[in-house]
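Structure first, then comments.
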Amino acid sequence: MDRAIDYVDALFTVYLIVIFVRIVLSFVRRAPVQRWTRAIYDFFFQSTEWFLGIFRRIIPSLGMFDLSPILAVIVLIIARELVVEILQSL
């Protein structure tokens, strides 16, 4: 069971890292023009948009500031703790 807990925890951690990379990439104003950099850019945006979109509907942006990733990261951390705790209690 410990392997399953470690695996689930690692999945949450990887997704948190993907969200943080997305946040950093959002500061890049000029979209990449090379094919491979565009593919990387699109991967991070498409893999996180479904999750961040939920929070964008809840929290409107404040001018040029989008606070939805902050709430998304907090919710993801809380969900990780809950899921790991439930798996450890089994």
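Each value in this text was obtained by applying a stated rule to the coordinates, not by laboratory testing. Quick caveat: nothing in here was measured; it's all calculated off a predicted structure. Note that each Cβ is placed from the backbone with ideal geometry, even for glycine, and that neighbours are counted across all protein chains shown.
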Return the label of the correct value of Cα Rg over 2.2 N^0.38 Å, as calculated from the structure shown, out of (1) 1.28; (2) 1.03; (3) 1.97. (1)
Within the chain, excluding any trypsin sites (Lys or Arg not before Pro) found in a DSSP loop (not H, G, I, E or B) and having at most 12 other Cβ atoms within 10 Å, the longest uninterrupted segment runs 31-90
Of M64, M1, how do they rank once you tally other Cβ atoms within 10 Å and put the fewest first? M64, M1
Rounded to the nearest 500, what is the 222 nm mean residue ellipticity of the chain from helices alone, with -39500 (n - 2.57) per DSSP H run of 4+ residues and division by all residues? -27500 deg cm²/dmol
Pairs of alpha-carbon atoms within less than 8 angstrom and 6+ residues apart define the contacts here; what relative contact order does the chain have, in percent? 40
In debye to the nearest 20, the charge dipole size for the chain, taken about the Cα centre with +1 at each Lys and Arg Cβ and -1 at each Asp and Glu Cβ, equals 600
Output for the chain: chymotrypsin sites (Phe, Trp or Tyr not before Pro) sitting in coil per DSSP, at most 11 other Cβ within 10 Å, listed by number, reads F27
Once both axes come from the Cα atoms, what is the angle between helix 68-89 and the longest principal axis of the chain, in degrees from 0 to 90, rounded to 10? 20
